[in-house]
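Enquirer: Below is a structure I'd like to ask you about.
The values are calculated or read from the model by the stated rules, or taken from the named source; none is laboratory data. Since we're looking at a predicted model, the values are computed, not measured. Every residue, glycine as well, gets a Cβ built from its backbone with ideal geometry; the counts of neighbours run over all protein chains shown. Quick note on the areas: whole protein, heavy atoms, side chains included, nothing else; ligands and nucleic acids left out. Shrake-Rupley method; radii C 1.70, N 1.55, O 1.52, S 1.80 Å.
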Amino acid sequence: MTSRPGFVLEVDRSTPPTLMWHGNSYRLERFPTGTRILYPPEPQEPIADPRGAVEEALENPVGDSQPLSTLLTKGMRLVIAFDDVSLPLPQMQAPDVRQLVIEAVLEKAAAAGVDDVYLVAALALHRRMTEGELRHALGSRIYDALTPRKRLLQHDAEDPSNLVDLGTTEQGEVVEINKLAAEADLLVYVNINLVSMDGGHKSVATGLASYRSIRHHHNVKTMVHSRSFMDMHHSELHSSNWRMGRHIAAQGVKIFQIETTLNTDTFPKAFEFLSKREWEWTLKDRSTFIASSKSLKASPDWLSRDIMHKIRSPYKLTGVTAGEVEQVHAKTLDKVFSQQLVTVEGQTDILTMGLPFVGPYNVNSIMNPILVYCLALGYFFNMYVGKPLVREGGVVIISHPNKAEFDPAFHPSYIDFYEQVLTETTDPAEIESRFEESFATDPWYIHLYRKGNAYHGVHPFYMWYWGAHALDHLGGVIVLGGDPKATKRLGFQSASTMMDAIEMAKSIVGDDPSITHLHSPPLVMAEVI
Amino acid sequence: MRSLVVEHNIRRMVSAKLLADTSVKRSLQWGPLALKEVGAPKAPTSQWLRVQPRLSGICGSDLATVLASTTRYFEPLVSFPFTPGHEVVGVATKDQTRVVLEAALTCKPRGLRPCRYCSLGQEQLCESVAVGDVKQGIQIGYCSSTGGGWSQELVAHHSQLWPVKDSLSDEDAVLIEPFACALHAVATAKLQKHAVVAVVGAGSVGLLTVAAIKYLSPHVNLSVVAKHPIQRDSALKLGANEVIREEELGRSARRNTRAFRSGDWLSSGYDVVFDCVGSSTSLSSSIKSAKPGGQVVAVGMPSYTGIDLTPLWHREINLRGTYAYGTESFSKKTIEHLDLSEQASLIDNGDTVSIRTFDLAILAMERLKLGWMVTHGFPLENYSQAIEKAAHAGSQDAIKVVFDLRKTKSTSKGTNDL
Ligand SMILES: [Zn+2]
């Protein structure tokens, strides 16, 4: 069975209503005739023997890398860094691909007599993972074996005793990363490449770096010049990370990169209609949709959120490549694009999108307005190569409840960002120059990042910068079904129905606009020609 | 002459109190205040002058009185029937000079030798409220001997009258009395140069406190809790560094002082919080957001409140009241910064310099010209409308509401045409 590619449907009178995500829930929406709907490709056929594929990759690395088993020698220190809880989304059904790969690496290490081994979650400035999340990503066998010996660590970008300054790139960018990882005899990085932004030199240069280092590419200027940041060849974010990555290698840090790709099999059996094309819904799909959307609508927020965040995706491994970072990543990108890319002819005046319950930064938590903004204008908007799906001066319509609700444990600085910063300005450059430093150096945020489970104080700023290119490009943003006050705080307009939203958009883009709907998740990326 | 009069009528006071929460209009209708034709008050001694009010403000304590929502604490300190109104700019009939009224009825106007507080210049703490030449009453506006501002004529001791320059409008001048209260509240807090300060509430008391803070200590970092758009805009215009909502106070205190927080507990917080609301919630959040050992100053008149004083105890917060005005003392450097060194009325104490609060308020007003805060004026006849407006203030785009007595029959006016 081969999977069908993604495609663009043009709505006509026979088109059934289209599924549209709306936070913890979804509904059916009718689009005007002529609207284009961008459907993702179906999930690719997975690798039949994942363990075998991992073994194969580790022993047949790409680039000038030696097979992993020959790199492992008795008495060495091995550090294995891995992507954190921001990937994949939703969390995948056990066993997580990280567990699969790390078990294989550890077995080889044991066979070679390597017993000085550390695992490090490459958090960058993300929150620390909880025990449950670590157990899920690594499996309890690894967790229980390493935790008591303090061998399972989480990167701490604010721990001066465990950071090393490796100097600067030729462009003067400070390269400061995790000392334990940098000074290991071998650093193995285990990645999940869910979207094309992930991986490559970004794994180590961002995932294991300090604020001092990260701020060289996580800033407004870089993000405005990343068009898109999902396309590394046109992304200043990646250029900077690549300079840093090469500098890290030049300083003698020995990295063995392992990248994995997953198919887009996003929803389990009970929710499989969410991945299907509406006209192919069976009677059962239809009744599941009705029952589930009704009950989600009737549930209190915390309950519907809880139901949604318990979803474990049946993602399957489609590729695993190991060895030298750049060559590994080139293969990975081919794989990601082959799964997600759909060709679209021409840009659109209005781009509509329904935002789901989860983005990279609210796993097991609340999607607050700043994360809504970032998921829409950072992630979804940037899911393109070539040119944006929506034309310059066009409008994005976002469907999401967009409530001003925050998780005080995970997102404490977001609350202050919402109250103190967005009440003053929504302009990324002004936000950066006036407020970033005070948030980034606030001792309380640093404390909560290091000792609690909080995102770093500066993180909401990055969310805002993520959308800077879109803000620059767009003529307007309308939130459909969102809380009007919170929507206004973001600098956007509110609409209560799709028809109202389109009417409002017309005042910006003119009459008779072209409309394109991004039918995602599952993930889809547009190659606009 | 026409005068608004408050009579001692328990039944009416109870009615007003009961109705005040539901309808200001009905509370007034059944309450103790009435518009009457009365004889002009007689001067108690030759030291007293007749004054015809031009503008007369409505303040929070006036509202509490006429709506009977105050405690009965003040009852023995007033004499019935009285005419309210202690924020007054008027004309002294003797020589037609324009004057503002320092309303407090302390030893001097009462014709007494100064008590221990008055002799120290702390007139706001005066011991004499029921003796001397006039009946009991802490201020003109609560005393049956003097009349009050909400009428066509009152009497005042010559020491209570301060002439105002032509450069001040009536609107500027009518704010001098409440501004003196705000200056007293701020001056006694002794703010450090770069103190981190909050003002809770942005009604007229709150905004005048903001103005007083930025006048006396322009370098402090000032957060203001404001509810309504006109209040937010005014606070920013007066120099607030940020305007926040009440529920943000604790978080703002944490941000501004880079404190650690655990629940409601803060490792630091504001050096001083000026509570210009006086409610249970405002006092509670003020106490929680002041730094350990910091001050909370109750500027607005509080009444019965139920608050958790655990954080006050645990964090050694100083909760302090502030009332009226007297004499303020400043360092010579401050006086220089305020550009007041040349003022003849300064009293040199060696290390420090003293100035009467009222004098300071007049001088400050000449610089600040806060008359724009007087947003609405009404004739006495429309007192019900006026008091309703004042009671709803911020939510109805009002800051200071006054009685306008400059014409016998004037009409209600908006911001611009006053
Ligand atoms: Zn006295």
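Enquirer: Filter the stretch B:125-178 for residues that are open to solvent by 30 Å² or more (accessible area, probe 1.4 Å) and among the aromatic types (Phe, Trp, Tyr) and give the result.
Expert: Once the filter is applied, which keeps residues that are open to solvent by 30 Å² or more (accessible area, probe 1.4 Å) and among the aromatic types (Phe, Trp, Tyr), the stretch B:125-178 yields only B:Trp162.
To keep it simple, each residue is scored yes or no on (1) outside the structural domain of B:Ala64 (by TED's automatic domain parsing); (2) closer than 22 Å to B:Ser169 by Cβ; (3) at pLDDT 90 or above.
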| position | (1), (2), (3) |
| --- | --- |
| B:Tyr304 | yes, no, no |
| B:Thr322 | yes, no, yes |
| B:Lys333 | yes, no, yes |
| B:Asp339 | yes, yes, yes |
| B:Ala344 | yes, no, no |
| B:Asn349 | yes, no, no |
| B:Ala390 | no, yes, yes |
| B:Lys413 | yes, yes, no |
| B:Leu418 | yes, yes, no |
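Enquirer: Has the stretch B:270-282 got any residue that is outside any loop (DSSP other than H, G, I, E, B), assigned by TED's automatic domain parsing to the domain that holds B:Ser303 and within 17 Å of A:His447 (Cα to Cα)?
Expert: No; the residues of the stretch B:270-282 include none that is outside any loop (DSSP other than H, G, I, E, B), assigned by TED's automatic domain parsing to the domain that holds B:Ser303 and within 17 Å of A:His447 (Cα to Cα).
Enquirer: Can you name the residue in the stretch A:478-491 that is in contact (Cβ under 8 Å) with a residue 40 or more places away in the chain and open to solvent by 10 Å² or more (accessible area, probe 1.4 Å) and, of all such residues, is farthest from A:Pro428 (Cα to Cα)?
Expert: First, pick out the residues of the stretch A:478-491 that are in contact (Cβ under 8 Å) with a residue 40 or more places away in the chain: A:478-483, A:485-487, A:489-491.
After this cut, where a residue has to be open to solvent by 10 Å² or more (accessible area, probe 1.4 Å) as well, the list is A:481-483, A:485, A:489, A:491.
Working: A:Gly481: 25, A:Gly482: 22, A:Asp483: 22, A:Lys485: 20, A:Arg489: 14, A:Gly491: 12 Å.
Per the criteria, the residue is A:Gly481.
Enquirer: Please state which one of A:Asp427, A:Asp442 is touching a Lys or Arg at 6+ places or on another chain (Cβ under 6 Å) and more than 24 Å from A:Asp231 (Cβ to Cβ).
Expert: Unique residue meeting the criteria: A:Asp442.
Enquirer: Determine whether the stretch A:374-388 contains at least one residue that is more than 14 Å from chain B (Cβ to nearest Cβ), in a helix (DSSP H, G or I), aromatic (Phe, Trp, Tyr) and open to solvent by less than 40 Å² (accessible area, probe 1.4 Å). Don't jump to the end; show me each part of the working.
Expert: Our first condition is that a residue be more than 14 Å from chain B (Cβ to nearest Cβ); within the stretch A:374-388, this holds for A:374-388.
This time we only want the ones that are in a helix (DSSP H, G or I), so: A:374-380.
Still in the running and aromatic (Phe, Trp, Tyr): A:379-380.
The next check asks that each one be open to solvent by less than 40 Å² (accessible area, probe 1.4 Å); those that pass are A:379-380.
Yes, the stretch A:374-388 has at least one match.
Enquirer: Out of all the residues in the stretch A:152-173, which are within 19 Å of A:Asp83 (Cα to Cα) and aliphatic (A, V, I, L, M)?
Expert: Listed by number, the residues that qualify are A:Leu152, A:Leu153, A:Ala157, A:Leu163.
Enquirer: Next question, about the same structure. Quick one: how many residues across the stretch A:410-424 are more than 12 Å from chain B (Cβ to nearest Cβ) and at pLDDT below 95?
Expert: 0
Enquirer: While we're looking at this one, here's another question. Has the stretch B:73-90 got at least one residue that is open to solvent by 30 Å² or more (accessible area, probe 1.4 Å), assigned to a loop (DSSP other than H, G, I, E, B), more than 16 Å from the ligand (Cβ to nearest atom) and not aromatic (Phe, Trp, Tyr)?
Expert: Checking the stretch B:73-90: at least one residue is open to solvent by 30 Å² or more (accessible area, probe 1.4 Å), assigned to a loop (DSSP other than H, G, I, E, B), more than 16 Å from the ligand (Cβ to nearest atom) and not aromatic (Phe, Trp, Tyr).
Enquirer: All but one of (1) within 15 Å of the ligand (Cβ to nearest atom); (2) on the phi > 0 side of the Ramachandran plot hold for B:Ala68; state the number of the condition that does not hold.
Expert: Of (1) within 15 Å of the ligand (Cβ to nearest atom); (2) on the phi > 0 side of the Ramachandran plot, only one is false for B:Ala68: (1).
Enquirer: Could you tell me which of the residues A:His136, A:His155 is within 25 Å of the chain's Cα centre (by Cα) and over 30 Å from A:Glu236 (Cβ atoms)?
Expert: Just one listed residue meets the conditions, A:His136.
Enquirer: May I pose another question? Test B:Leu63 against the stated conditions and say whether it is surrounded by 16 or more Cβ atoms within 10 Å (Cβ to Cβ), closer than 21 Å to B:Leu363 by Cα, away from the ligand (no atom under 13 Å from the Cβ) and more than 14 Å from every other protein chain (Cβ to nearest Cβ).
Expert: Spelling it out, it is not the case that B:Leu63 is surrounded by 16 or more Cβ atoms within 10 Å (Cβ to Cβ), closer than 21 Å to B:Leu363 by Cα, away from the ligand (no atom under 13 Å from the Cβ) and more than 14 Å from every other protein chain (Cβ to nearest Cβ).
Enquirer: Could you grab the pairs with beta carbons closer than 7 Å, sequence gap of 6+ or different chains, first residue in the stretch A:227-243 and over 15 Å from A:Val195 (Cβ atoms), second one part of a strand (DSSP E or B)?
Expert: Matching pairs, first to second residue: A:Glu236/A:Ser226.
Enquirer: Would you be able to say whether some residue in the stretch B:149-157 is within 16 Å of the ligand (Cβ to nearest atom) and away from chain A (no Cβ under 14 Å)?
Expert: yes
Enquirer: Out of all the residues in the stretch A:426-449, which are away from chain B (no Cβ under 13 Å) and over 17 Å from A:Ser210 (Cα atoms)?
Expert: The answer is A:Thr426, A:Asp427, A:Pro428, A:Ala429, A:Glu430, A:Ile431, A:Glu432, A:Ser433.
Enquirer: Looking at the stretch B:341-352, I want the residues that are part of a strand (DSSP E or B) and have a partner that is surrounded by 10 or more Cβ atoms within 10 Å (Cβ to Cβ) with Cβ atoms under 7 Å, at least 6 apart or on another chain. Which pairs are those?
Expert: What qualifies is B:Ile347/B:Val353; B:Ile347/B:Ser354; B:Thr352/B:Ser329; B:Thr352/B:Phe330; B:Thr352/B:Ser331.
Per-residue answers, yes or no, for (1) out of contact with any Leu (no Cβ under 7 Å at 6 or more places or on another chain); (2) over 26 Å from A:Thr264 (Cα atoms):
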| site | (1), (2) |
| --- | --- |
| A:Tyr189 | yes, no |
| A:Thr206 | yes, no |
| A:Ala209 | yes, yes |
| A:His217 | no, yes |
| A:Lys221 | yes, yes |
| A:Ser226 | no, no |
| A:Asp231 | yes, no |
| A:Glu236 | yes, yes |
| A:Trp242 | yes, yes |
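Enquirer: Answer yes if at least one residue in the stretch B:106-124 is within 16 Å of the ligand (Cβ to nearest atom), in contact (Cβ under 8 Å) with a residue 40 or more places away in the chain, of a type in the set (Lys, Arg) and open to solvent by 60 Å² or more (accessible area, probe 1.4 Å), and no otherwise.
Expert: Yes, the conditions are met somewhere in the stretch B:106-124.
Enquirer: Here's a follow-up. For the stretch B:194-264, which fully contained strands (runs of 3 or more DSSP E) count at least 1 residues that are away from chain A (no Cβ under 14 Å), open to solvent by less than 40 Å² (accessible area, probe 1.4 Å) and free of Cβ contacts under 8 Å to residues at least 40 places away in the same chain?
Expert: Once the strands (runs of 3 or more DSSP E) in the stretch B:194-264 are filtered for at least 1 residues that are away from chain A (no Cβ under 14 Å), open to solvent by less than 40 Å² (accessible area, probe 1.4 Å) and free of Cβ contacts under 8 Å to residues at least 40 places away in the same chain, what remains is B:221-225.
Enquirer: Here is a further query. What is the residue count in the stretch B:125-143 for residues that are within 10 Å of the ligand (Cβ to nearest atom) and among the hydroxyl-bearing types (Ser, Thr, Tyr)?
Expert: The number of residues fulfilling the criteria is 1.
This table checks each residue for (1) without any contact (Cβ under 8 Å) to a residue 24 or more places away in the chain; (2) among the acidic types (Asp, Glu); (3) in contact with a His (Cβ under 7 Å, 6 or more places away or on another chain); (4) not assigned by TED's automatic domain parsing to the domain that holds A:Val390.
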{"position": "A:Ile431", "(1), (2), (3), (4)": "no, no, no, no"}
{"position": "A:Arg434", "(1), (2), (3), (4)": "yes, no, no, no"}
{"position": "A:Ala440", "(1), (2), (3), (4)": "no, no, no, no"}
{"position": "A:Tyr449", "(1), (2), (3), (4)": "no, no, yes, no"}
{"position": "A:Asn453", "(1), (2), (3), (4)": "no, no, no, no"}
{"position": "A:Pro460", "(1), (2), (3), (4)": "no, no, no, no"}
{"position": "A:Gly467", "(1), (2), (3), (4)": "no, no, no, no"}
{"position": "A:Asp472", "(1), (2), (3), (4)": "no, yes, no, no"}
{"position": "A:Gly476", "(1), (2), (3), (4)": "no, no, no, no"}
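Enquirer: Which one is most open to solvent (accessible area, probe 1.4 Å), of the residues in the stretch A:421-452 that are within 16 Å of A:Asp159 (Cβ to Cβ) and in a loop (DSSP other than H, G, I, E, B)?
Expert: Restricting to residues being within 16 Å of A:Asp159 (Cβ to Cβ) and in a loop (DSSP other than H, G, I, E, B), the top hit is A:Thr441.
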